[in-house]
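Since the structure comes first, as structure tokens, the remarks are kept for the end.
The values are calculated or read from the model by the stated rules, or taken from the named source; none is laboratory data. On a predicted model such as this, the values are computed, not experimentally measured, just so you know. When we count neighbours, we look across all protein chains shown, and the Cβ atoms used for this are built from the backbone with ideal geometry, even at glycine.
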Amino acid sequence: MSLTVRILGALALLGVAADHLYEYFVDHYSAVPTIGTLFLLDSVAAITLGFALLAPLQRTLPARTAVRSRALAASAGILLAAASLAGLFASEVMPLFGFMEVGYRLVVVLAIVAESAAIVALGIFLVIGEPSPTRDSGCVTMVRSRSRSSERKGNMKRSLIVIAGAGIVAAGVAGVTGALSSGAGRAGAAPAAVVAQTSMPMPMPMPATTASAPGPVHMELHQRVVRVKIMNFAFMPARIEVSAGTKVVWTNEDSDPHTATTDKPGWASPALDTSQTYDRVVTKAGTYAYHCQIHPFMHGTVIVEGTAA
């Protein structure tokens, strides 16, 4: 039993690492400041702890040291998985290092499952413990390394860890259920929100005075429609110069939702899921800095020249 839950906990940690590496490289979290680095470090730590729990440490370390090392790795694995879950749930309700996660995509749900499984399996492993071999008259026998009283105290502490882990799992299940239900509502309302965006010219306020996005200006003068892609957590191109009366269309090509929201009162798109679009006809000359409200480190600029016909 002890060996089984230890292996399951190790595999769960390796699953966490695989999931986070997927988000880092495939979902382009590498482009997200701070959070991207944390995802990479978290993956490295999960891989290290997972293999430490799988490795036959007793072959290279003294028996007692091997047992204690595995217990330490299991405790660290629980803390790592719990911290990942806490960070995820926190980023759903408030910016975490300037980053917010919106909705529960499949890769996020898989991360929750793997992290929850790691907490439970490794918690059970700590409660059960494993026998520590000691020498008795030249023969190796398997005995508990602690007296019964100290073992009971240790098991009580470990039980508290498992109870805490179970609480986190319960919170995770509740969070997923709530998010999926709210996500279903958003999914039904999203198309209407997109359809509601019209290409009719609309009066715009005075341009914002905030700093524009860095990078070269992409000239798109005298075009009826100019398109901006949202991908890899960036607006592409980040800076465009258009003529008054041009319709600017933003298309989200990321797996995460994004918005296009002016820094000062102007326009504000709804949260755009993958492949959804938002458009705006710009009518007044000026420089308009905008950002993603969900990921505030994403910036763009629209420079409008002339007046609408």
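Of the residues making up the stretch 192-230, those that are surrounded by 16 or more Cβ atoms within 10 Å (Cβ to Cβ), of a type in the set (A, V, I, L, M, F, W, C) and at pLDDT 50 or above are A213, V226, V228, I230.
Among the residues of the stretch 80-99, count how many are charged (D, E, K, R) and at pLDDT 95 or above.
Of the residues in the stretch 80-99, 0 are charged (D, E, K, R) and at pLDDT 95 or above.
For the stretch 246-262, a residue qualifies if it is in contact with a strand residue (DSSP E or B) (Cβ under 8 Å, 6 or more places away or on another chain), surrounded by fewer than 19 Cβ atoms within 10 Å (Cβ to Cβ) and not in a strand (DSSP E or B), and exactly one does: E253. Mind checking which pairs have a first residue in the stretch 248-262 that is among the aliphatic types (A, V, I, L, M) and a second that is modelled with pLDDT of 90 or more and not in a strand (DSSP E or B), Cβ under 6 Å, 6 or more apart or different chains? Close Cβ pairs (under 6 Å, with a partner that is modelled with pLDDT of 90 or more and not in a strand (DSSP E or B)) amount to A260/S269. Screening the stretch 104-145 for residues that are of a type in the set (D, E) and in contact with a helix residue (DSSP H, G or I) (Cβ under 8 Å, 6 or more places away or on another chain) and picking the one that is modelled with the highest pLDDT gives E115.
Residues of the stretch 263-289 that are without any contact (Cβ under 8 Å) to a residue 40 or more places away in the chain and not in a loop (DSSP other than H, G, I, E, B): A268 alone.
Considering only residues in the stretch 263-305 that are polar (S, T, N, Q) and out of contact with any helix residue (DSSP H, G or I) (no Cβ under 9 Å at 6 or more places or on another chain), the one that is surrounded by the fewest Cβ atoms within 10 Å (Cβ to Cβ) turns out to be S275. Of all residues in the stretch 221-245, those satisfying the criterion of being within 20 Å of Q276 (Cβ to Cβ), in a strand (DSSP E or B) and of a type outside the set (A, V, I, L, M, F, W, C) are R227, K229.
Between G300, G286, which is among the small types (G, A, S) and within 26 Å of P33 (Cβ to Cβ)?
Exactly one residue qualifies, and that residue is G300.
Every listed requirement among (1) under 29 Å from N232 (Cβ atoms); (2) without any contact (Cβ under 8 Å) to a residue 12 or more places away in the chain; (3) crowded, with 18+ Cβ neighbours inside 10 Å is met by V26 save one, (3). Report yes if T34 is over 27 Å from M231 (Cα atoms), surrounded by fewer than 18 Cβ atoms within 10 Å (Cβ to Cβ) and not basic (K, R), otherwise no. When the stated conditions are applied, T34 does not pass them.
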